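For reference, the structure is listed below as structure tokens.
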Amino acid sequence: MKKTTLAAFIFSLMLSTRVDAADVYVSTIEVQGLQRVEVETVLSYLNIEQGSNVSQEYLDESLKRLFETGLFADVNFNRNDDGVLQIKVVENPIINKRFFDGNEKMDDTILETEVQLKSGSIYSIAKVQDDVQRILDVYKRSGRYATVVEPQIIKRDQNRVDLIYEITEGPTAVINKVNFVGNMHYSDDDLQSEIMSKESRWYRFFGSSENYDPEKTNYDKELLRRFYLKRGYVDFRVVSAVAELSPDKKSFVVTYVVEEGSRYKIDDIQINSSIKEVETAPLMDEVLLEKGEWYNAELAEKSVYAITEELGQKGFAFIDVTPDIKKIGDDKLVLTFNIAEGDRVFIDKINITGNTRTEDKVIRREFRIDEGDAFNAAKIRASRRNVENLDYFSKVDIQTVPNPNDDSKADVNVNVEEKSTGAFNVGVGYSTVNGALFRAGVAENNFQGKGQKLSADVAISQRTSEYDLSFTEPYFLGRRLSAGVDLFRTEEDYQDEGSYDSESTGIRLRTGWNYTDDFAQYLRYTLKEDKISNVDSTASIYIKEEEGEYSNSSIGQTMVYDKRDSAINPKEGYYLSFGNDVAGLGGDEKYLKFDGKAYKYFTIADYYTFKLFVNGGYIVGYNGQDVRLSNRYYLGGSNMRGFEFAGIGARDKYTKDALGGNWMVYSGAEMSFPIGLDELGVRGRTFVDVGMLGKPDNLDKRYVDYSDTPRVAAGFGFQWQSPMGQIDVDLAFPIVKEDYDETEVFRLNFGSRL
């Protein structure tokens, strides 16, 4: 025991002696090499008192603190035998001027907002390296991953330098290929059309959708989730989204691995409330889903908003409505909307950032909640969806931030990232109906940042010329009421069909509003001048009678109920419309006109889409006036495949001129299917068309061939969503026709139709 105690004492004494031996005495501190920095500044970072003992470890920490200030390029400590601590420093120079060189694709103003070092800043290698990385990050966000940034300095007098960032921008790293793994029910082309990241194509040089952006890829996962949840795939998830950069840093391959899961139909819908005063039965009218339908997460969310709105009108300001899903078996579920009391929080401020071009009011008017309102999560989500649907922004981020000084208030912070809202299109081609054609147009969907739409289009072919100028204000008089004006002129050559030329020039005023998200109504007033000219001497007497100019003043309306899953590429749902026009509010024309459309879409075996449709119209003159040529219906071509334009209907027995009709029915069935070219946007189709055209009232059967019996044609073809728009190629064979009908087997057409 004594030996152990003695050994411990000796070890402790030795340790104490070693620590004391490590301490140094600092009698005086001398600082050398200072030019701009004050001595007191250096001493404040040292925190060493003159005439005191300090450890070597403390001196090392002081040295480190001086380096971390960024004020010095070099620092050395030296202590002599008299205890004088000499500190020799080399100050970092001051930046005289800072330049960017070689940045042709990136404006100086953008880079200036990113870098830290500016004119007058203290130069340091660490900050320069940090700024280099910031510049590289800016270029990566624009898709230029091969960018190289080399900082260079030019020494000036008085310890100043000019800092130059020499930038080699390199090519844009585009997305060479987008792969989907695990998608059994929807094709790669279907999913590609839903996401923001697009494969590189020659015709996308006006946009940036083919440039790789990690944030865009993350948002793509949310878009895919919405796509599947809207179609009943409750268990869907994105397992991974991986982007691989090519060795030359010029392209990416992006791969999304997904798990679709089962598709669920709604077996039952229930509403439960923990608030006794809430009657749940009347709220079922606000639910937009029905039993037996595929589950649709978007409609479920809209139902939450509708229930919230209805309860809010009844005085329940603080509520929380949440949809709950209970699966029954492999393909059914019970949807329950649970109503509970929400937190008593009010919206203090709605802060909007990131909109450098778009005015705040354009975003604010899409919000379903205002400053001072009770906080409601459903209304916040609805607001975000509305802002996203504007299609002005590549990113919309909405965050709710509690007020640190008041638990009853919260701010809503909205951060957006703007994208290009303009479009330019130009195309040339050939149509069997119109011959060689040229088409060009320009459109701006967010004109001057006010959310207005302005477009101009020109289409010229061997047979027709069309000129259109259009302007739309989506919030007329500050209300959810669209208003617009169209100026138009059309010139058409009907020499082959009717031995005359037609011109129409006019203006159209229009307005529209939505009763619901699916049900809308539109009003219009049209004032135009129609002209029939260049009538051939051998033309029908009925055409000769109409040669001249006629003014047309009409008012009309159209109601639309659209339940399609997509307006561009519908696969399920239906579309209904009904419209009527009255001409005679001044002008020469006097008629009543009625038009209706009905379309039904459904998909079988995932990729085979059926379309059933019927279009109908009726026009009749009044006050003893007949309906003129320019206002009649014509059947054939784009609205009855297998027959030439105006190939069906009343026809002069002697001149063979088409005379149109006063009523029309066009219906049929079509099935589209993949042909292995989905990546190019090409799908095959087969169809049956049925059409009937009624005779104008003023025609004498002795001089006119006419029959209102149905015509039938069947055929096949394909549809291509090309860079210049939709292109249709069809081979159609008339099955039921009249001897005097004009037929055509092959048809090529540019331009989309419903």
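Take the eigenvalues of the Cα gyration tensor for segment 497-567, scale each by 5, and report the square roots as semi-axes in whole Å, largest first. Each step should come with its number before you reach the end.
Numbers: eigenvalues 281, 47, 15 Å².
The three semi-axes for segment 497-567 are 38, 15, 9 Å.
With K and R counted +1 and D and E -1, the other residues having a Cβ less than 12 Å from that of Gly449 yield a net charge of -1. Taking 7 Å steps out from each Cα toward its Cβ at Leu487 and Lys177 produces label points 5.1 nm apart. Taking other residues whose beta carbon is less than 13 angstrom from the beta carbon of Ile460, and scoring Lys, Arg as +1 and Asp, Glu as -1, yields -3. Converting phi to 3J(HN,Hα) with the Karplus coefficients 6.51, -1.76 and 1.60 and the offset θ = phi - 60°, segment 343-356 yields 5, 7, 10, 10, 6, 7, 9, 10, 9, 10, 9, x, 8, 6 Hz in sequence order, with x at every glycine or proline.
Here the convex hull built on the C-alpha positions of segment 117-237 has a volume of 149 cubic angstrom per residue.
Put a dot 7 Å past the Cα of Phe318, heading toward its Cβ, do the same for Thr505, and the two dots end up 6.7 nm apart.
Based on the Cβ-Cβ distance from Arg702 to Ser537, what FRET efficiency comes out when R0 is 30 Å, to the nearest 0.05? Walk me through the intermediate numbers first.
On the way: r = 22 Å, r/R0 = 0.73.
Computed FRET efficiency for Arg702 and Ser537: 0.85.
Summing Lys, Arg as +1 and Asp, Glu as -1, what charge do residues with Cβ under 11 Å from the Cβ of Ile380 carry, Ile380 excluded?
Details: positive: Arg368, Lys379, Arg381, Arg384, Arg385; negative: Asp373.
Counting the neighbours of Ile380, the net charge comes to +4.
Efficiency by 1/(1 + (r/R0)^6): what FRET value for Tyr561 and Asp162, r their Cβ-Cβ distance, R0 = 60 Å, to the nearest 0.05? Kindly include the intermediate steps, with their values, before the conclusion.
Numbers: r = 67 Å, r/R0 = 1.12.
Working from the Cβ atoms, E equals 0.35.
Projecting the Cα positions of Ala459, Leu111, Ile29 onto the charge dipole of the chain (unit charges on Cβ atoms of Lys, Arg, Asp and Glu, taken about the Cα centre) puts Ile29 furthest along the positive direction.
Quick one: length gained pulling Arg226 to Met284 fully straight, 0.36 nm per residue minus the C-alpha distance? Write down the numbers at each step before the final one.
Values: separation 58, 0.36 × 58 = 20.88 nm, distance 2.41 nm.
18.5 nm is the gain from fully extending Arg226 to Met284.
Summing Cβ point charges (Lys, Arg +1; Asp, Glu -1) relative to the Cα centre of the chain gives a dipole of roughly 740 debye.
How do 360-368, 241-249 rank on mean C-beta neighbours within 10 Å, highest first? The partial results should precede the final answer.
Numbers: 360-368: 18.0, 241-249: 12.8.
By packing density, highest mean first, the sequence is 360-368, 241-249.
For segment 331-363, the residues whose amide N sits under 17 Å from a probe point set 7 Å from the Cα of His185 along the beta carbon direction are 331-335.
Per-residue Karplus couplings for segment 461-467, computed as 6.51 cos²θ - 1.76 cosθ + 1.60 with θ equal to phi - 60°, are listed in order as 9, 5, 10, 9, 9, 10, 10 Hz, Gly and Pro entered as x.
Using a simple spin-label model with pseudo-atoms 7 Å out from Cα toward Cβ, Val729 and Lys327 lie 4.5 nm apart. Residues in segment 92-192 average 51 Å² of solvent-accessible surface per residue, probe 1.4 Å, ligands and nucleic acids excluded. Amide H neighbours of Gln86 under 5 Å, at least 5 residues apart or on other chains, H built in the peptide plane: list them. Under 5 Å from the amide H of Gln86: Glu30, Asn78, Arg79, Asn80.
For the chain, which whole-number percentage of the solvent-accessible area (1.4 Å probe, protein heavy atoms only) is attributable to carbon and sulfur atoms? Intermediate results must be reported in sequence, preceding the final value.
Values: 20090 of 38830 Å².
With neighbouring chains kept in place, the figure for the chain is 52 percent.
Per residue, segment 512-656 exposes 46 Å² of accessible surface when a 1.4 Å probe is rolled over the protein heavy atoms with every protein chain present.
Report the charge-dipole magnitude of segment 466-624 in Debye, nearest 20, computed about the Cα centre from +1 at each Lys and Arg Cβ and -1 at each Asp and Glu Cβ.
Values: 17 positive and 28 negative charges, 228 e Å.
Charge dipole, segment 466-624, about its Cα centre: 1100 debye, nearest 20.
Averaging the Cα positions of each part gives two centres, and for segment 480-532 and segment 345-398 these lie 35 Å apart.
The three principal axes of the Cα atoms in the chain give end-to-end lengths of 137, 71, 50 Å, sorted in falling order. Residues whose amide H comes within less than 5 Å of that of Leu481, counting only those at least five positions distant or on another chain, are Phe476 (H built at 1.01 Å from N in the peptide plane). In a reduced charge model with +1 at each Lys and Arg Cβ and -1 at each Asp and Glu Cβ, segment 634-751 shows a dipole moment near 120 debye about its Cα centre. Per-residue Karplus couplings for segment 647-658, computed as 6.51 cos²θ - 1.76 cosθ + 1.60 with θ equal to phi - 60°, are listed in order as x, 10, x, 4, 8, 4, 4, 9, 8, 6, 6, 6 Hz, Gly and Pro entered as x. Put +1 on the Cβ of every Lys and Arg and -1 on every Asp and Glu Cβ in segment 283-409; which of Val345, Asn386, Thr308 then has its Cα farthest towards the positive end of the dipole? The residue sitting farthest along the positive end of the dipole is Asn386.
If both residues of a DSSP beta bridge must be in the chain, then about 85% of such bridges are antiparallel.
The values are calculated or read from the model by the stated rules, or taken from the named source; none is laboratory data. Computed from a predicted structure; not experimentally measured. Don't worry about glycine lacking a Cβ; one is built from the backbone with ideal geometry, like all the others, and counts go over all protein chains shown. All accessible areas refer to the heavy atoms of the entire protein, side chains included, with ligands and DNA or RNA removed. Shrake-Rupley method; radii C 1.70, N 1.55, O 1.52, S 1.80 Å.
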